[in-house]
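S.K.: I am attaching a structure below and will ask some questions about it afterwards.
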Amino acid sequence: MAERVNRDRAQDDLPVYLARPGTADQVPRQKYGGLFCSVEGAFESKTIDFDALSVGQRGSRTPRTARRGTGAGQEQARSPASDSQASSPGAESPVARGRRGTDSPQAEMRPGGGDEVLQTLEDEKSDRLLIKGGRIVNDDQSFHADIYMEDGVIKQIGDNLIVPGGVKTIEAQGKMVIPGGIDIHTHFQMPYRGTTTVDDFAQGSKAALAGGTTMIVDHVIPEPGSSLMEAYDQWRQWADEKACCDYSFHVDITHWNDSVKQELDHLIKEKGVNSFQVYMAYKDYYQMSNSELYEIFTFLAERGGIAQVHAENGEIIAEEQARMLQMGITGPEGHVLSRPEELEAEAVFRAITIASQTNCPLYVTRVMSKSAADIISQARKKGNVVFGEPITASLGTDGTHYWSKNWAKAASFVTSPPLSPDPTTPDYLNTMLSSGDLSVTGSAHCTFSVAQKAIGKDDFTQIPEGVNGVEERMALIWDKAVTTGKMDENMFVAVTSTNAAKILNLYPRKGRIAVSSDADLVIWDTDAICTITAKTHNSAAEYNVFEGMELRGAPQVVICQGKIVLEDGNLHVTSGVGRFIPCSPFPDFAYKRVKARKQLAVLRAVPRGMYDGPVSEFSMSRGGTPSASARTSPTKQPVRNLHQSGFSLTGNPAPCGPPTPDDVPIRPAGRRIVVPPGGRSNITSLS
Amino acid sequence: MSGYQGKKNIPRITSDRLLIKGAKIVNDDQSFQADIYMEDGVIKQIGDNLIVPGGVKIIEAHGRMVMPGGIDVHTRFQMPDRGMVAADDFYQGTRAALAGGTTMILDHVVPEPGVSLVAAFKQWREWADSKSCCDYSLHVDITDWNKGTQEDMETLVKDHGVNSFLVYLAYKDVFQLSDSQIYEVFSVIRDLGAIAQVHAENGDIIAEEQRRILELGITGPEGHVLSRPEEVEAEAVNRSVTIANQTNCPLYITKVMSKSSADVIALARKRGAVVYGEPISASLGTDGTHYWSKNWAKAATYVTSPPLSPDPTTPDYLNSLLSCGDLQVTGSAHCTFQTSQRAIGKDNFTLMPEGTNGTEERMSLIWDKCVVTGKMDENQFVAVTSTNAAKIFNLYPRKGRIAVGSDADLVLWDPDITKIISAKSHNLAVDYNIFEGTEVRGGPSVVISQGKIVLEEGSLHTTEGCGRYVSRKPFPDQVYKRIKARSRLTELRGVPRGQYDGPVCEVTATPKVMSTVSSVKTSPAKLQQQQQQVTHQPVRNLHQSGFSLSGAQVDDNIPRRNTQRIVAPPGGKANITSLG
């Protein structure tokens, strides 16, 4: 009873935009962007099929559970409590555990007490967890239900669940329970010229968990020329030793040849990687040419991978950097001056063009500027399969700090593409994220200490790049987008977790609160207010790019792999428990459309008779038409040779080399052959 | 002037002195009624009741329009291609131009990669001087980029009156330049006060697509358009606009063939970029559906790059953009090849020589598509066919305007003439016309070039070799006024800071060359910069040496906040590293 009251109270406490008048009915959410229409099966898990549950109940096929929040009827249904009747029908069976609610509006955790008389009394309390009275927020809808999880998997959702005894219970008090965040872009423990980013997998994933992110996707960056597999194994080793939460990998393609192709194939088929990043920047190092991009995209499209791009025009940047240094600009402001946002937009445009040619789903990492976001939005309107990822830094702060007089502070903002000096950018990107034009959020968390940044103290091109953000991501988006009314809580779940899971083909295991999904949950406190500062953050870096920012909304309880890792502000993480989550190729989210297009885009030749009219002589000295790079097109040469051999009728071939005036026939050469041998065919006549 | 009137014995050189009476003079800004008197190829007087010497040939205009002769900004007459030569040479080509009311052409010099620009330029001069029937000037294409090229460009601008250079984003491994090269070319062009033209298509993607399409067994002309989708054109336009903006260089897009690339240009102009777009006769007058013609020879005649768009609404769209000023000038990209020359590519579309006709039809087509339909008025017509080109390429007001002192290149325009374009009646050396059967309204009734009547009552009187080379000065006002203002504004300044004297992390010897090492051959400046980087090394080493105080620690392997360990560096803590 008390609990009931508490929940109602908690709901009263909710801000207006969250409160649903009178009922917590399962109403499909109101907001539909094209992308975020409810997915297949989205409405299935609402009916609790107890047969499917493995907790030991039997028999009871129940109708939909009675609805919560409807007041008296509900209370009546709960009153005949009988704790030991494990097998009683679910709907009418009350769940007594944790009925001794407190009057505190805070969520509360309590181990199963001695007064519970259930058969299973286990000591591993955190292995079985029950969240009572939470408001489950998925990307498509929100509803009130209890969640029971065991062995790191959600086993039951519904009201009045029948659960074994000795279960630790968390009273959510009507607070939101959301799927744990997925940070789709991190660079933990990234080697850089002999040093390593200060946040390793332990530190980084700890910070992630502290911020409500329960899964990270890190980038494997093989040195150009070295094996992708070796790099992958290396990263796996690092992460397996240290990660505190589940993780997965993107692999960056830093060079391109046939052996890389084989390794990609292996990674996709055997190693559970389905997304690969290519760089359009970092000239002479990571940068890929347009032809290579084309080949990589073609390859990925065949194998069901997602092509990610770091989109900046590296060639122009190299030129601009040289110019800046010549002008004597060596500080961090040179970084942003040499990488104007136009170059980012240009590269995004180019990547989209190539992806559209090759019919490959494209994922643009780190959308940092308005113009890049605009291009993505335009392309999506034209129907391209492209996803944009703004990062915490671009959503939360701007590039004016590059001009800070404090070198160390200015340097801490250095990342590529740079933060836009336009202070309206964060707001704009948040709007685009809310409208669905941008799809997912990452942090691109890649932190260096001041000493490491100081490698570039006399030359901004040497400053190691990267900003923090893994810890702040969820709270920042909540503050910037939800409390401002740009998006609702469901959209919040979509951009912080669900969309990422869909793109990586991890859905519904991750990114959704549903039966048999992973027990990665966050109880979100919408009222918490915290101030970000480097003094209290969980990253090892001395600077925080969001220093001093006050954010509303924070995780109150974080559950990762079914274990509570954050409660009452205390982090309890275990290094090395993180599992590698393999991603399978051909995620439906991207490839359903791509497959349909493939069927449409079949090209056909026009059937014509053979042309048998006169053919001019031409010299082979110069390919007037482009031939692809030699290694890619072995087919062309023979065709052309065959062709030449058949046409000696016009006499002496034109000499090679650049034509001199003597060689140049004054009259068109073709005129001389009026009657070709074999007669003039009608194919050459004009109609 | 009146002194001449008595001298009856002066030989009557009829075409040297001309009076047009009762004409409606149409310039790009206004139209007005006046007589025009010209002598020695120059307009001497404009007004009513002019006093002119006797023995002057008089043309009665009867109130019809007289406009500045057209300027075709893009032709490729007599262009060599793999040992062949385009079917229309400078004689044939300029003759056709005059027949259509165009009195000046700007041809492209296409040096073979490796050949000096100046040598190629001289070669083209020689060809054109001996054959051209009307005034001409030359753009020079940059097909290769090295140190010599830059010197050549300077020579051309300073001594040869060239102020426009074209770079190719397409034709991989032949003409194509990389983005960095284009950046450098644009910087040079900006410093010289010239105009950067681009052939905008992404050559890398095209090469890949061509390979794919040949593998699919598509070898006919439809493969040409399939391998060059308009997106690829728009992408290249977008990229060149970006690079031009970075370098603050005026940009001129040749051959705008598709809606999407026209849109990119329009958008860039709205954002304030100095960019000009040139649709050509073919893109304004016809579309790319003919690539699928069953008749191979016909389909092949449409092959040009970028290709005509298969979208049949494209011509109309481009005409609209031309009328509203989003596109500014029109050329023809006239470059014709005989069917037998095209047949080189009968089994492989990539080998086909590219180009379409259009120099003769250009004026009439635009009149018919834009003025007759009410999209633009006669003044705008003059602007897009002649005046804008003259302004951009610094020929104004000598060309592109009817004014005292301007060249006597005039066209008496008859808006009522209707004509059906056909290969049978055109003035070209080839036996097809891509506008075959198109009925156009409006055409020149009299054409005057260099003060001489060259077209009258349907008959052409051209003189081979009388065309003069018109040299063009750099820094055209129309273009460079804005550029100059911008370059003053965009000066960049560093932030004055104290020396950073905190701890510096050690890096391994192999430097990550993620910064700026571009093509070595091109920029001597880069070397300097690398040396600079080298000189930084000692500084860093010095610096590092100061921090051995903390020594090896047990917890060195634990990545904690490094600076916290060094609370008091020797010499005191600098405020530059403190937080705040």
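The values are calculated or read from the model by the stated rules, or taken from the named source; none is laboratory data. Nothing here was measured: the structure is a model prediction, and the numbers come from that model. Every residue, glycine among them, receives a Cβ derived from its backbone with ideal geometry; neighbour counts consider all protein chains shown. Each accessible area value is taken on the protein alone, full model and side chains, heavy atoms only, with ligands, DNA and RNA left out. Shrake-Rupley method; radii C 1.70, N 1.55, O 1.52, S 1.80 Å.
S.K.: Condition first: small (Gly, Ala, Ser), in contact with a Ser or Thr (Cβ under 9 Å, 6 or more places away or on another chain) and not in a strand (DSSP E or B). Now tell me which residues in segment A:539-579 satisfy that.
M.R.: A:Ser539, A:Ala540, A:Ala541, A:Gly548, A:Gly562, A:Ser575, A:Gly578
S.K.: Moving on to the next point. Residues that are within 14 Å of another protein chain (Cβ to nearest Cβ) and in a strand (DSSP E or B): does segment B:84-103 have at least one?
M.R.: Among the residues of segment B:84-103, at least one is within 14 Å of another protein chain (Cβ to nearest Cβ) and in a strand (DSSP E or B), which makes the answer yes.
S.K.: How many residues, within segment A:252-281, are in contact with a Lys or Arg (Cβ under 9 Å, 6 or more places away or on another chain) and part of a loop (DSSP other than H, G, I, E, B)?
M.R.: Here the count works out to 5.
S.K.: Could you please tell me which pairs satisfy a Cβ distance under 6 Å, a separation of 6+ or placement on different chains, a first residue in segment B:121-142 that is within 14 Å of chain A (Cβ to nearest Cβ), and a second residue that is in a strand (DSSP E or B) and of a type in the set (Ser, Thr, Tyr)?
M.R.: Going by the 6 Å Cβ cut-off, the qualifying pairs are B:Ala128/B:Tyr136.
S.K.: Follow-up question, since we're still on this one. B:Leu169 passes all but one of (1) within 13 Å of another protein chain (Cβ to nearest Cβ); (2) open to solvent by 10 Å² or more (accessible area, probe 1.4 Å); which number fails?
M.R.: Among (1) within 13 Å of another protein chain (Cβ to nearest Cβ); (2) open to solvent by 10 Å² or more (accessible area, probe 1.4 Å), the lone unmet condition for B:Leu169 is (2).
S.K.: Against the definition (within 12 Å of chain B (Cβ to nearest Cβ), among the hydroxyl-bearing types (Ser, Thr, Tyr) and over 22 Å from A:Glu312 (Cα atoms)), how does A:Ser449 come out, yes or no?
M.R.: In short, yes.
S.K.: Go through (1) modelled with pLDDT of 95 or more; (2) aliphatic (A, V, I, L, M); (3) open to solvent by 10 Å² or more (accessible area, probe 1.4 Å) for B:Val384 and report which single condition fails.
M.R.: That leaves (3) as the condition not met.
S.K.: Hey, could you check segment A:168-203 for residues that are surrounded by fewer than 24 Cβ atoms within 10 Å (Cβ to Cβ) and either among the β-branched types (Val, Ile, Thr) or free of Cβ contacts under 8 Å to residues at least 40 places away in the same chain (or both) and say which is farthest from A:Thr526 (Cα to Cα)?
M.R.: Applying the filter and picking the extreme gives A:Gly194.
S.K.: Taking into account only those residues within segment B:426-450 that are open to solvent by 30 Å² or more (accessible area, probe 1.4 Å), more than 14 Å from chain A (Cβ to nearest Cβ) and assigned to a loop (DSSP other than H, G, I, E, B), which is nearest to B:Phe77 (Cα to Cα)?
M.R.: The selected residue is B:Asn427.
S.K.: Among A:Glu333, A:Glu346, A:Glu342, which is without any contact (Cβ under 8 Å) to a residue 40 or more places away in the chain, within 13 Å of another protein chain (Cβ to nearest Cβ) and buried (at least 24 other Cβ atoms within 10 Å of the Cβ)?
M.R.: Every option except A:Glu346 fails the conditions.
S.K.: I would also like to ask the following. If we keep just the residues of segment B:457-512 that are under 25 Å from the mean Cα position of the chain (by Cα) and among the hydrophobic types (A, V, I, L, M, F, W, C), which is nearest to the other protein chains (Cβ to nearest Cβ)?
M.R.: If we take residues in segment B:457-512 being under 25 Å from the mean Cα position of the chain (by Cα) and among the hydrophobic types (A, V, I, L, M, F, W, C), then B:Ile483 is nearest to the other protein chains (Cβ to nearest Cβ).
S.K.: For the subset of segment A:286-330 comprising residues that are surrounded by fewer than 24 Cβ atoms within 10 Å (Cβ to Cβ) and assigned to a loop (DSSP other than H, G, I, E, B), which member is nearest to the other protein chains (Cβ to nearest Cβ)?
M.R.: A:Ile329
S.K.: For B:Gln246, which of the numbered conditions (1) in contact with a Leu (Cβ under 8 Å, 6 or more places away or on another chain); (2) part of a helix (DSSP H, G or I); (3) of a type outside the set (A, V, I, L, M, F, W, C); (4) closer than 30 Å to B:Ser340 by Cβ fails to hold?
M.R.: (4)
S.K.: Residue by residue through segment B:47-68, note down the ones that are over 22 Å from B:Met104 (Cβ atoms) and among the aliphatic types (A, V, I, L, M).
M.R.: Of everything in segment B:47-68, those that are over 22 Å from B:Met104 (Cβ atoms) and among the aliphatic types (A, V, I, L, M) turn out to be B:Leu50, B:Ile51, B:Val52, B:Val56, B:Ile58.
S.K.: Which of the following residues is within 22 Å of B:Met65 (Cβ to Cβ), without any contact (Cβ under 8 Å) to a residue 60 or more places away in the chain and more than 24 Å from the chain's Cα centre (by Cα): B:Thr289, B:Thr373?
M.R.: Going through B:Thr289, B:Thr373 in turn, just one is within 22 Å of B:Met65 (Cβ to Cβ), without any contact (Cβ under 8 Å) to a residue 60 or more places away in the chain and more than 24 Å from the chain's Cα centre (by Cα): B:Thr373.
S.K.: Now, a different point. In segment B:286-304, which residues are at the interface with another protein chain (Cβ under 7 Å from one of its Cβ atoms) and either under 23 Å from B:Val440 (Cα atoms) or assigned to a loop (DSSP other than H, G, I, E, B) (or both)?
M.R.: B:Lys294, B:Asn295, B:Lys298, listed by residue number.
S.K.: Where residues in segment B:305-337 are polar (S, T, N, Q), over 17 Å from the mean Cα position of the chain (by Cα) and open to solvent by 10 Å² or more (accessible area, probe 1.4 Å), which of them is farthest from the other protein chains (Cβ to nearest Cβ)?
M.R.: Of everything passing the filter in segment B:305-337, B:Ser323 is farthest from the other protein chains (Cβ to nearest Cβ).
S.K.: Could you check how many residues of segment A:134-173 are in a strand (DSSP E or B), more than 22 Å from A:Glu567 (Cβ to Cβ) and among the hydrophobic types (A, V, I, L, M, F, W, C)?
M.R.: 1
S.K.: Would segment B:204-224 turn up any residue that is in a loop (DSSP other than H, G, I, E, B), open to solvent by less than 20 Å² (accessible area, probe 1.4 Å), among the hydrophobic types (A, V, I, L, M, F, W, C) and at the interface with another protein chain (Cβ under 7 Å from one of its Cβ atoms)?
M.R.: Within segment B:204-224 (the criterion being in a loop (DSSP other than H, G, I, E, B), open to solvent by less than 20 Å² (accessible area, probe 1.4 Å), among the hydrophobic types (A, V, I, L, M, F, W, C) and at the interface with another protein chain (Cβ under 7 Å from one of its Cβ atoms)), the answer is yes, since at least one residue qualifies.
S.K.: Which of the residues belonging to segment B:213-267 are farther than 20 Å from A:Glu344 by Cα and among the charged types (D, E, K, R)?
M.R.: The answer is B:Glu215, B:Glu222, B:Arg228, B:Glu230, B:Lys255, B:Lys259.
S.K.: To continue, here is another question. Of all residues in segment B:259-283, count the ones that are charged (D, E, K, R), open to solvent by 10 Å² or more (accessible area, probe 1.4 Å) and not in a helix (DSSP H, G or I).
M.R.: Matching residues across segment B:259-283 total 1.
S.K.: If I ask for residues that are buried (at least 23 other Cβ atoms within 10 Å of the Cβ), within 7 Å of chain A (Cβ to nearest Cβ) and farther than 13 Å from A:Ser289 by Cβ, which ones from segment B:172-183 would you list?
M.R.: Scanning segment B:172-183 gives a single hit, B:Tyr183.
S.K.: Another one. Which of (1) open to solvent by less than 20 Å² (accessible area, probe 1.4 Å); (2) within 14 Å of chain A (Cβ to nearest Cβ); (3) touching a strand residue (DSSP E or B) at 6+ places or on another chain (Cβ under 9 Å); (4) of a type outside the set (A, V, I, L, M, F, W, C) is the odd one out, the single condition B:Glu354 does not satisfy?
M.R.: The single condition B:Glu354 does not satisfy is (1).
S.K.: Considering segment A:490-512 alone, what residues qualify as being in contact with a strand residue (DSSP E or B) (Cβ under 7 Å, 6 or more places away or on another chain) and open to solvent by 10 Å² or more (accessible area, probe 1.4 Å)?
M.R.: Selection gives A:Arg509, A:Arg512.
S.K.: Of all residues in segment A:583-602 being among the aliphatic types (A, V, I, L, M) and without any contact (Cβ under 8 Å) to a residue 60 or more places away in the chain, which is most open to solvent (accessible area, probe 1.4 Å)?
M.R.: My answer is A:Leu600.
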